[in-house]
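First comes the structure, then the notes that go with it.
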Ligand SMILES: Nc1ncnc2c1ncn2[C@@H]1O[C@H](COP(=O)(O)OP(=O)(O)O)[C@@H](O)[C@H]1O
Ligand SMILES: Cc1cn([C@H]2C[C@H](O)[C@@H](COP(=O)(O)OP(=O)(O)O)O2)c(=O)[nH]c1=O
């Protein structure tokens, strides 16, 4: 028996199709009566958006990246996510901590234990619980396909300039997080057409009563 998810994160390597499907997902949730707050990471508050600019466009090592994204996440949780959840809203977040484990951990080789410690510190929720998304929708796609789609679409930022090996590691990082939390993760095979991917997404939401 699943319960209605109110904190939903969207994940996947760059170019997997997250942005393409967020509007329809938002509409679906709203049509079901949810008051939806759309947000993103890195970012989501004024401070965190400034940190996002640094992380995406300045050179730094993996630990510095991880510290900055977790600092932004702390601000985002305290100022936006926790108040919205407490007010009964549904939070739809374009990336969250799984991205840190995938990009800084698997991609950049940061110690996963260090990331897990930061996760514990930053995501202390009400009553001492670890705040995690209720549902994580993972758009999974081979990196070569994602690179083709990105090349046709936009200029690359620091992460998008990485080679296919980097994105293979990031993809494996998502797979490991999904295997560790199978009830939270819903994997979408993002290699089909936009309509095929949308149909899978509808099925995932229907299975969770949304
Ligand atoms: N299923 C699909 N088939 C082909 N192209 C797609 C598909 N889904 C998205 N795209 C295109 O691929 C590019 C990257 O998609 P986007 O939604 O921006 O990915 P993300 O937000 O995950 O980085 C966009 O140009 C988008 O139009
Ligand atoms: C949340 C997060 C994102 N990232 C990276 C993944 C993406 O390459 C980048 C920005 O994500 P995203 O917002 O998906 O980029 P875009 O607006 O180009 O679609 O930040 C991390 O490296 N660590 C993190 O913790």
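Need the C-alpha centroid separation for the range 27-71 versus the range 153-210, integer Å. Centre-to-centre distance over Cα atoms comes out at 17 Å. Based on C-alpha pairs under 8 angstrom that are at least 6 apart in sequence, the chain has a relative contact order of 32 percent. Looking at the P(r) of the range 124-164, how many percent of alpha-carbon pairs lie beyond 16 Å? Here the tail beyond 16 Å accounts for 57 percent of pairs. Volume per residue of the convex hull around the Cα atoms, evaluated for the chain, comes out as 117 Å³.
Peptides 16-23, 71-78, 28-35 ranked from most to least packed, by the mean per-residue count of other Cβ atoms within 10 Å: 71-78, 16-23, 28-35.
Where a number appears in this text, it was derived from the coordinates with a stated rule and is not lab data. Bear in mind the structure is a predicted one, so any value in this text is a computation, not a measurement. Note that each Cβ is placed from the backbone with ideal geometry, even for glycine, and that neighbours are counted across all protein chains shown.
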